[in-house]
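Trainee: The structure that follows is given in the form of structure tokens.
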Amino acid sequence: MKRILFGLLLSTALQAHGYSVWIEQNNLVGEIGGWRTYAKEKAPEQALPQGATYSLSQAIERSLSQQLDWTNYLPGSESIQNFYLLTPAQRSALQQRYTIIYETTKSYYELVALKEKSRYMADVVDAVQAASELTNRMQKVGNINQLGQLKQQKELLKTQLEMQSLQTKTKEATERFIQRMNFDQRNLKLDVENRLPTPPKDVRKLTDKERRAIDLGDINSPATVQVRSNARIAYENYRERFQKVRTYQIEVLPNQKKISEEKLLRYNAMLIDVFHLLEDAEDQRKTVMQYIDANAAFLIQSVRLEKALIDAQMDFSNINAR
């Protein structure tokens, strides 16, 4: 009788311990399996000291002031309807202006994207580390087997390596930006924006003037064919990248959010285990990273398109001035 009573007490104690582990596990996966970065309202980030954030407009202004041929550049020439009014030197300065803007924007957005991905990965690493610690404790009390523990350890190592790779790439991008801005020691504490701008809702449409400039005309030298072809390619790439980032923004990310919420509901109902949520967290990570990459590519292509269209319009004006 005593053995039976002791067995019942032991069974009850084990069940209670297992339930307490499950509650702890459940609280943790609310962070691991939840849509932490892009679907939940985030707490406001602590503002940086005034002047610490270096905006894209500031970067472009600095680059133009240091690199543009101001002697020949005609202010307002980018809005002149008839480019053939410009002298050859003024045309060259105008093209130089858009080249500087494109290269500066590309360098800036590449750095912002890497910083955004690094900040997101820091949250992912914290969650995976917490999950790894939990699986170690669960394995000790027999709630999971060693195979599950080993898989989680592998996931932790992979995540840490990815974080290290992102940190290295961010440092490289930072150094490239420092070189492009020609920063000195006083400027090294400046930081770029925390996140990339949100993509626009509507695609950019070509004006009638731009369409005429990129269509094939009667005079087609090799140089003319190339500049117009480059502009058409730039516009097609722009449209494709716009469609991609908008699809991620209005379909893929919300869809992933719903999937994550459904899996969390199933976990709370004890229909799936914690490893299903860890797999979902990996899907979330990939989706967010892909969205950031798509947004950066679109923003950079937008500026590249503007440069290509200016080149085509100037070439078009050259032909019609002959």
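The values are calculated or read from the model by the stated rules, or taken from the named source; none is laboratory data. Quick caveat, the model's predicted, so the values are computed rather than measured. Using ideal geometry, Cβ is built from the backbone for each residue, glycine included, and neighbour counts are taken over all protein chains shown. Quick note on the areas: whole protein, heavy atoms, side chains included, nothing else; ligands and nucleic acids left out. Shrake-Rupley method; radii C 1.70, N 1.55, O 1.52, S 1.80 Å.
Trainee: How much FRET efficiency would the formula 1/(1 + (r/R0)^6) give for residue 154 and residue 178, where r is the Cβ-Cβ distance and R0 is 45 Å, rounded to 0.05?
Mentor: Approximately 0.75, to the nearest 0.05.
Trainee: Can you send over the carbon and sulfur percentage of the accessible area for region 93-159, probe radius 1.4 Å, protein chains only?
Mentor: 49
Trainee: Which ³J(HN,Hα) values, rounded to whole Hz and listed in residue order, are derived for region 249-263 from phi using the Karplus coefficients 6.51, -1.76 and 1.60 in 6.51 cos²θ - 1.76 cosθ + 1.60 with θ = phi - 60°, glycine and proline given as x?
Mentor: Taking θ as phi minus 60°, the curve returns 5, 9, 10, 5, 4, x, 5, 5, 4, 5, 4, 5, 5, 5, 5 Hz for region 249-263.
Trainee: Could you rank 264, 74 by how accessible they are, 1.4 Å probe, largest area first?
Mentor: Order by accessible area, largest first: 74, 264.
Trainee: With every protein chain kept in the model, how would you rank 170, 99 by accessible area, 1.4 Å probe, largest at the top?
Mentor: From most accessible down to least: 99, 170.
Trainee: What order do 83, 275 take when sorted by accessible area (1.4 Å probe), most exposed first?
Mentor: 275, 83
Trainee: Can you compute 3J(HN,Hα) from phi for each residue in region 277-294, using the Karplus curve 6.51 cos²θ - 1.76 cosθ + 1.60 with θ = phi - 60°, rounded to whole Hz and x for Gly and Pro?
Mentor: Running phi through 6.51 cos²θ - 1.76 cosθ + 1.60 with θ = phi - 60° gives 6, 5, 5, 5, 4, 5, 4, 4, 4, 4, 5, 5, 4, 5, 5, 4, 4, 5 Hz.
Trainee: Kindly list the residues of region 86-122 that lie in the label zone of residue 69, defined by a backbone N under 19 Å from the point 7 Å along the Cα-to-C-beta vector.
Mentor: 86-104, by backbone N distance to the label point.
Trainee: Using the beta-carbon distance between residue 167 and residue 237 and R0 = 45 Å, what value does 1/(1 + (r/R0)^6) give for FRET efficiency, to the nearest 0.05?
Mentor: Working from the Cβ atoms, E equals 0.90.
Trainee: Would you kindly find the accessible area of residue 176, with a 1.4 Å probe and non-protein molecules such as ligands, DNA and RNA excluded, rounding to the nearest 10 Å²?
Mentor: In the full protein context, residue 176 sits at about 120 Å².
Trainee: Shifting gears a bit: Roll a 1.4 Å probe over the protein chains and send me the accessible area per residue for region 133-285 in Å².
Mentor: Value for region 133-285: 65 Å² per residue.
Trainee: At 7 Å along Cα-to-Cβ for each site, give me the label-to-label distance between residue 119 and residue 147 in nm.
Mentor: Label at residue 119, label at residue 147, 4.1 nm between them.
Trainee: Go through region 90-104 residue by residue and turn each phi into a ³J(HN,Hα) via Karplus (6.51, -1.76, 1.60, θ = phi - 60°); whole Hz please, and just put x for glycine and proline.
Mentor: Those phi angles translate into 5, 4, 4, 5, 5, 5, 4, 4, 6, 5, 5, 4, 4, 5, 5 Hz.
Trainee: Summarise the long-distance tail of P(r) for region 125-207 by giving the % of C-alpha pairs beyond 19 Å.
Mentor: Tail fraction, whole percent: 64.
Trainee: In whole percent, and with a 1.4 Å probe on the protein chains, what portion of the accessible area of region 232-272 is carbon and sulfur?
Mentor: 53
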